[in-house]
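One structure below.
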Amino acid sequence: DFDESTARYLGHFGDADEIVSEEDRVTTEAFLRMGGVAVEVVQHAGTEHGFAERGRVGHDAEAADVAWASTVDLLRRRLVPETA
């Protein structure tokens, strides 16, 4: 239930995720959008669940770097005021 949410959501998913199915991802994204919640979803090609977790068998350093940069960018856009 995201009806009361005022947050923005950014989801990074592995396209070969063995835990979060494509159906689960699509359903969650749809519920967010139906609730009028701002959501960005990124699927990282060739990655598994936990791809950004160092030390994990499915760790993908390149995809993790892209996900991190995207997350930092979102935070900067939302939290750092623009200067005139």
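The values are calculated or read from the model by the stated rules, or taken from the named source; none is laboratory data. No experiment lies behind these values; they were computed from the predicted model shown. Every residue, glycine as well, gets a Cβ built from its backbone with ideal geometry; the counts of neighbours run over all protein chains shown. Areas reflect the complete protein model, heavy atoms only, side chains present, ligands, DNA and RNA absent. Shrake-Rupley method; radii C 1.70, N 1.55, O 1.52, S 1.80 Å.
Kindly indicate which of Gly11, Gly55 is of a type outside the set (A, V, I, L, M, F, W, C), open to solvent by 60 Å² or more (accessible area, probe 1.4 Å) and not in a helix (DSSP H, G or I).
Sole residue among the options that is of a type outside the set (A, V, I, L, M, F, W, C), open to solvent by 60 Å² or more (accessible area, probe 1.4 Å) and not in a helix (DSSP H, G or I): Gly55.
Among the residues of the stretch 21-44, those that are open to solvent by 40 Å² or more (accessible area, probe 1.4 Å), in contact with a Gly (Cβ under 9 Å, 6 or more places away or on another chain) and in contact (Cβ under 8 Å) with a residue 24 or more places away in the chain comprise Glu40, Val41, Val42, Gln43. Go through the stretch 62-84 and give me each residue that's hydrophobic (A, V, I, L, M, F, W, C) and either open to solvent by less than 50 Å² (accessible area, probe 1.4 Å) or under 16 Å from the mean Cα position of the chain (by Cα) (or both). Those that are hydrophobic (A, V, I, L, M, F, W, C) and either open to solvent by less than 50 Å² (accessible area, probe 1.4 Å) or under 16 Å from the mean Cα position of the chain (by Cα) (or both): Ala63, Ala64, Val66, Ala67, Trp68, Ala69, Val72, Leu74, Leu75. Against the conditions (1) assigned to a loop (DSSP other than H, G, I, E, B); (2) polar (S, T, N, Q); (3) open to solvent by 60 Å² or more (accessible area, probe 1.4 Å); (4) modelled with pLDDT of 90 or more, Thr6 satisfies every one except (4). For Gly50, the conditions (1) within 21 Å of Ala69 (Cα to Cα); (2) out of contact with any helix residue (DSSP H, G or I) (no Cβ under 9 Å at 6 or more places or on another chain); (3) open to solvent by 70 Å² or more (accessible area, probe 1.4 Å) all hold with the exception of (3).
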